[in-house]
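Below: one structure, written as C-alpha cells.
Only the coordinates and a few stated rules stand behind these numbers; no lab work does. Keep in mind that this is a model prediction, so the values were computed, not measured. Reconstructed Cβ throughout: ideal geometry from the backbone, glycine too, with neighbour counts over all protein chains shown.
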Amino acid sequence: MKSILSYLDDLKEKNGSDYKTAQMLKITKESVSQIRKRGTVSDETAIKMADLLGINQSEVLIAAAIARSEGDVRSAWEQISKMTGIAASVLLTVLITLPNIGYLDIGINNDSIIYIMRSVGR
C-alpha cells in the first residue's frame, strides 16, 4: 500500500508542481505543505486525490486512514489494506486463467463477498 505522500508525489508529477496540485485539489499551497509535513489528509481530500489520479477511491481512503491512525486501529486498517490487495490478486489470477469466457459479472454482495458469475455465449 502506498502512503499519502506517495499519492501526493504522483499528483505533483502529473500536474508539474505542488501549487498546481493544490489548485486541482481546491486547497491552498499551505495545505499541501501541511500534508507533506504531517503525512495526513482528510477523507474528502483523499477522494479528490484518487479522482485526479484516476484510481480507486478506496485505495487512497485506506491510506489516509492508516496515516491518521495508531495502535490497534492502525493495525486493523493495515489488515484491511492487505485483504483488499489479496482479493484483487485472486480476482486478477482468475481473470487471467479462465479460458474462453463469454463474459463475467463481477461484484460485491451485501456481505462484502466478491462474486464472479461466468456466462458463455453460443
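Key figures
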{"read-out": "Under Karplus coefficients 6.51, -1.76 and 1.60, residue-wise ³J(HN,Hα) of segment 12-21 in Hz, glycine/proline x", "value": "4, 4, 5, 9, x, 6, 5, 4, 5, 4"}
{"read-out": "Under the Karplus curve 6.51 cos²θ - 1.76 cosθ + 1.60, θ = phi - 60°, whole-Hz ³J(HN,Hα) for segment 26-36, x wherever Gly or Pro sits", "value": "6, 10, 7, 4, 5, 5, 5, 4, 5, 4, 5"}
{"read-out": "Ranked list, fewest to most other Cβ atoms within 10 Å of each Cβ, for D43, D18", "value": "D43, D18"}
